[in-house]
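In what follows, a structure is listed as structure tokens, so that the remarks can point back to it.
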Amino acid sequence: MNTSQLTLALAVAVAAYGHRALAQGAAGTATTPPTQAPATRPVPPTRDPNTPGYVTAKELPDGAVPPANADGNFVVGPTHNPAPEMMVQDGVPQGTISTFTMNSADSRIYPGIARDPGTFGTVDPGDPAKLVVATSHPAPYTRRVAVYVPKQYIPGTAAPFIVGADGPDQLLFTALDNLIAQKRVPVMIAISIANGSGDAQGSQRGLEYDTMSGRYAEFVETEVLPLVEKQYNVKLTKDPDGRATMGCSSGGSAALSMAWYHPELYHRVLTYSGTYVNQQWPPSVETPHGAWEYHERLIPNSPPKPIRIWMDVGDRDLLNPNVMRDNMHDWVVANENMARVLAAKGYHYQFVFARNAGHCDRAVKQQTLPAALEWLWKGY
């Protein structure tokens, strides 16, 4: 799909949704104006990892993290102290961090959209699983890309690498400095890519991260990685076993989508508070429930793929944070379901339920990221 086709498709989606809402309003059905502002997020309840229906998990001593050689389900917390590897250490070689900027005008895949400030959307009166977003339109953006090259990298050699969402991610770079020096992970390059702005349905970030397709992976492969190789004199491996993705929230579901739709490109996935919920927009006939489809249908009904995945969720993670009430906006249940279906299909996975933790909890990340990365790269 070229730039004009993508813009036209988005415009058609907006027009169709707006027409449907207006028609139903004219017929006498009460509707909320499509420019409704996003409501204040409710405070999520605290969940118990032993809730009936949740996966059986091993409760670790407070302050401990799962071992790097074990698959399965674990409970950590309530204390989350930073791992030593999350702090700059004397005598440890530090990688080079460089940044560059990408403009939407230069993108064939993502020419850019935005939702008007102070607006969100309204639930489709005919389908509670669909959101009408009438205020999304083409719009330009810029994004920063941060590239971490470890001191130990030998120019000209093909290196494994990890692609991160919502960058730049200094926590990742610091962890890699220490883990590489300790030989707990391979000498790898990290590419930390900012999103294209906004959040959720109707935004550029939502389009990139919540769309159930391989399009974001294709954007990274064809528009980001060639710039990284050219500008920083590095060579990135083509071996999918040497390629990882990571992210939190919608960046987490995007990380899985990169591997799920392109397993020939990525085999390793790391997610914090993954948005495995119904947040795709525009909607898709193939995946009408968005990323909820991963645990509802796609993973259970597909042959296992060569994907190794680490996941985390907080006991106070998101529950119904917006106007949708479709029983597919519970982040805790979504991640619990992911653990269940991954186990049933025989995947190598590690799932961490964190007590005393919110959505994309920074303290949890500082506690768990080093061990998570070590687990993620086992076997390479």
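It is to be established whether one or more residues within segment 173-190 are under 24 Å from Q279 (Cβ atoms), among the aliphatic types (A, V, I, L, M), touching a helix residue (DSSP H, G or I) at 6+ places or on another chain (Cβ under 8 Å) and at pLDDT 95 or above. For segment 173-190, residues under 24 Å from Q279 (Cβ atoms), among the aliphatic types (A, V, I, L, M), touching a helix residue (DSSP H, G or I) at 6+ places or on another chain (Cβ under 8 Å) and at pLDDT 95 or above: absent. Which count do you get for residues in segment 132-152 that are at pLDDT 95 or above and part of a strand (DSSP E or B)? Here the count works out to 11. T245 passes every criterion in (1) touching a Phe, Trp or Tyr at 6+ places or on another chain (Cβ under 6 Å); (2) among the β-branched types (V, I, T); (3) closer than 14 Å to M102 by Cβ apart from (3). Do any residues in segment 362-373 that are in contact (Cβ under 8 Å) with a residue 60 or more places away in the chain and under 16 Å from G164 (Cβ atoms) have Cβ atoms under 9 Å from those of residues that are among the polar types (S, T, N, Q) and assigned to a helix (DSSP H, G or I), where the two are at least six apart or on different chains, and which pairs are they? Correct list of pairs: P370/N178.
Number of residues in segment 121-152 that are under 21 Å from the mean Cα position of the chain (by Cα), aliphatic (A, V, I, L, M) and closer than 28 Å to V234 by Cβ equals 3. If the condition is being within 21 Å of A259 (Cα to Cα) and either of a type in the set (D, E, K, R) or surrounded by 20 or more Cβ atoms within 10 Å (Cβ to Cβ) (or both), then segment 147-158 contributes only V147. Filtering segment 274-327 to residues that are more than 23 Å from H262 (Cβ to Cβ), among the aliphatic types (A, V, I, L, M) and at pLDDT 95 or above leaves V313, L318, L319. Each residue in segment 95-120 was checked for being surrounded by 13 or more Cβ atoms within 10 Å (Cβ to Cβ), more than 26 Å from P226 (Cβ to Cβ) and more than 22 Å from the chain's Cα centre (by Cα), and 2 of them qualify. V43: modelled with pLDDT under 95 and surrounded by fewer than 14 Cβ atoms within 10 Å (Cβ to Cβ), yes or no? The answer is yes for V43.
What single numbered condition from (1) within 21 Å of W375 (Cβ to Cβ); (2) out of contact with any Phe, Trp or Tyr (no Cβ under 9 Å at 6 or more places or on another chain) fails to hold for S273? Condition not satisfied by S273: (2). Only one entry in D169, D199, D210 is under 23 Å from V92 (Cα atoms) and among the acidic types (D, E), namely D169. Could you list, ordered by first residue, the pairs with Cβ atoms under 8 Å in which the first is in segment 194-222 and farther than 22 Å from F100 by Cβ and surrounded by fewer than 21 Cβ atoms within 10 Å (Cβ to Cβ) and the second is at pLDDT below 95 and of a type outside the set (S, T, N, Q), at least 6 apart or interchain? Partner pairs satisfying both residue conditions: none exist. For segment 93-131, the candidate set comprises residues that are at pLDDT 95 or above and acidic (D, E); within that set, the residue that is nearest to P288 (Cα to Cα) is D116. Y110 passes every criterion in (1) of a type outside the set (K, R); (2) within 28 Å of S213 (Cβ to Cβ); (3) part of a loop (DSSP other than H, G, I, E, B); (4) free of Cβ contacts under 8 Å to residues at least 60 places away in the same chain apart from (4).
Within segment 164-193, the set of residues being among the basic types (K, R) and without any contact (Cβ under 8 Å) to a residue 60 or more places away in the chain comprises K183 only. Please pick out the residue among G196, G206 that is part of a loop (DSSP other than H, G, I, E, B) and either modelled with pLDDT of 95 or more or closer than 26 Å to G379 by Cα (or both). Exactly one residue qualifies, and that residue is G196.
One residue stands out in segment 239-255 among those that are among the small types (G, A, S) and in a helix (DSSP H, G or I): the one that is surrounded by the fewest Cβ atoms within 10 Å (Cβ to Cβ), namely G242. Scanning segment 277-319 for residues that are of a type outside the set (D, E, K, R) and under 13 Å from H359 (Cβ atoms) yields V277, V313, G314, L318, L319.
The values are calculated or read from the model by the stated rules, or taken from the named source; none is laboratory data. Owing to the predicted nature of the structure, the values given are computational and were not obtained by experimental measurement. Virtual Cβ from ideal backbone geometry, glycine too; neighbours counted across all protein chains shown.
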